[in-house]
Each structure stands twice: as C-alpha cells, then as structure tokens.
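Novice: Questions regarding the structure given below will be posed in turn.
The values are calculated or read from the model by the stated rules, or taken from the named source; none is laboratory data. Since the model is a prediction, treat every value here as computed from it, not as a measurement. Counting neighbours? That spans all protein chains shown, and the Cβs are built from the backbone with ideal geometry, glycine included.
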Amino acid sequence: MTTFGLVLGALLAIGCVVAVSRPFLREPALAADADRLYEPDAAERRRLSLAEERDRALSALKELEFDHRTGKISDEDYRTTIGPLRRQAGDALRALER
C-alpha cells in the first residue's frame, strides 16, 4: 500500500506543478504593443520635469529644516539658504498650476 501512496503523491505533485506553471508556459494573449510604455509628449515631459524640480526643492527644504533643528546648520546659514530654496519650490509649484 505504501507504493500506491507514493505513486499517488507523485502524480498529485506533478499535477500541481503543471497547474501552477501553465500561465507561465503559454503564449501571451495580448498584442506585443499592449505592454509597451507610451512616450510622453512635450507637455507631459515638461510637467514631469517641473514635478521633479518641485520634489527636489521640497526635499531640500525638509532636510534643511531638520539640519537646522538638530544644530547641524547655524542660524545664519539657515537664513541665507532658506530663501532661494523657497523661491525655487514656489516657482515650480506656480509653473505646475499653469
């Protein structure tokens, strides 16, 4: 009876492997173009560029605030650095709103 159990277990294991691997072995049903990324147009590239600029400026502001609060940056350095960063972030935000 143990031989019958081993054969049944082996058949069950093979069946499970085949069932799980079927989706990976068959041809994709979608057309080859369906999984390609689209190329953004000029307006979309500009919007992405502005969003990246905004994110960089806001990240720099956050890091500057943290460094100032922990004492890594003096008050004088903080005051000279915060203005340009705020302007850069504001310019990027205004440009994104347009």
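Novice: Can we say LEU64 is assigned to a helix (DSSP H, G or I) and in contact (Cβ under 8 Å) with a residue 24 or more places away in the chain?
Specialist: No, not satisfied.
Novice: Mind checking which residues of the stretch 27-73 are at pLDDT 90 or above, of a type in the set (Ser, Thr, Tyr) and within 27 Å of ALA92 (Cα to Cα)?
Specialist: Correct list: SER49, SER59.
Novice: Now a separate question. Mind checking which pairs have a first residue in the stretch 67-96 that is more than 30 Å from ARG46 (Cβ to Cβ) and a second that is in a helix (DSSP H, G or I) and of a type in the set (Phe, Trp, Tyr), Cβ under 9 Å, 6 or more apart or different chains?
Specialist: These pairs meet every condition: ASP67/TYR78; HIS68/TYR78; LYS72/PHE66.
Novice: For the condition surrounded by 10 or more Cβ atoms within 10 Å (Cβ to Cβ), among the basic types (Lys, Arg) and assigned to a helix (DSSP H, G or I), what is the one hit in ARG46, ARG22?
Specialist: Only one candidate passes the filter, namely ARG46.
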